[in-house]
Amino acid sequence: MESSPPEICHKIFTEACLDDGSTARSLSLVSKYIHEASNPTRFQNIALRGYKQITAFAGILERTPPHLRRVCHLFI
């Protein structure tokens with residue numbers, strides 16, 4: 001996968017990360033390259049259950065650079 005262009009990886013991750021965010025979290029644990037390549041799609045779809053998850057996610061967004069805060073679908 002490291003030999004694939006980042007643009008191809010981005011397209012794959014965009015299609016793969018259409019669930020509640022668990023696929024993006026799993027992808028980020030595979031390798032450093034996959035972690036970096038999946039960054040733009042990490043917050044594509046988010047499902048939050050309860051106050052603790054909402055406040056934790058707010059903290060994560062505050063520590064995330066603005067160009068990586070691309071939330072398309074937010075389920076609360």
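The values are calculated or read from the model by the stated rules, or taken from the named source; none is laboratory data. All values derive from a computational prediction rather than experimental measurement. A quick note on method: Cβ atoms are made from the backbone with ideal geometry, for glycine too, and the neighbour counts reach across all protein chains shown. Just so you know, the surface numbers come from the protein's heavy atoms only, side chains and all, with ligands and any DNA or RNA stripped out. Shrake-Rupley method; radii C 1.70, N 1.55, O 1.52, S 1.80 Å.
Examine the stretch 6-21 for a residue that is touching a strand residue (DSSP E or B) at 6+ places or on another chain (Cβ under 9 Å), open to solvent by less than 100 Å² (accessible area, probe 1.4 Å) and among the aliphatic types (A, V, I, L, M), and state whether such a residue exists. Taking every residue of the stretch 6-21 in turn, none turns out to be touching a strand residue (DSSP E or B) at 6+ places or on another chain (Cβ under 9 Å), open to solvent by less than 100 Å² (accessible area, probe 1.4 Å) and among the aliphatic types (A, V, I, L, M). If you check 73, 35 for being in contact with a helix residue (DSSP H, G or I) (Cβ under 8 Å, 6 or more places away or on another chain), open to solvent by 50 Å² or more (accessible area, probe 1.4 Å) and not hydrophobic (A, V, I, L, M, F, W, C), only one passes: 35.
Name the residue that is most open to solvent (accessible area, probe 1.4 Å), counting only residues in the stretch 38-54 that are in a helix (DSSP H, G or I) and of a type in the set (S, T, N, Q). Among those residues, the one meeting the criterion is 53. When residue 57 is tested against (1) of a type outside the set (Gly, Ala, Ser); (2) under 11 Å from the mean Cα position of the chain (by Cα); (3) open to solvent by less than 40 Å² (accessible area, probe 1.4 Å), exactly one condition is not met: (2). Sub-9 Å Cβ pairs linking a first residue in the stretch 14-30 that is in a loop (DSSP other than H, G, I, E, B) to a second residue that is among the aliphatic types (A, V, I, L, M) and open to solvent by 50 Å² or more (accessible area, probe 1.4 Å), at least 6 apart or interchain, are 30/1, ordered by first then second residue.
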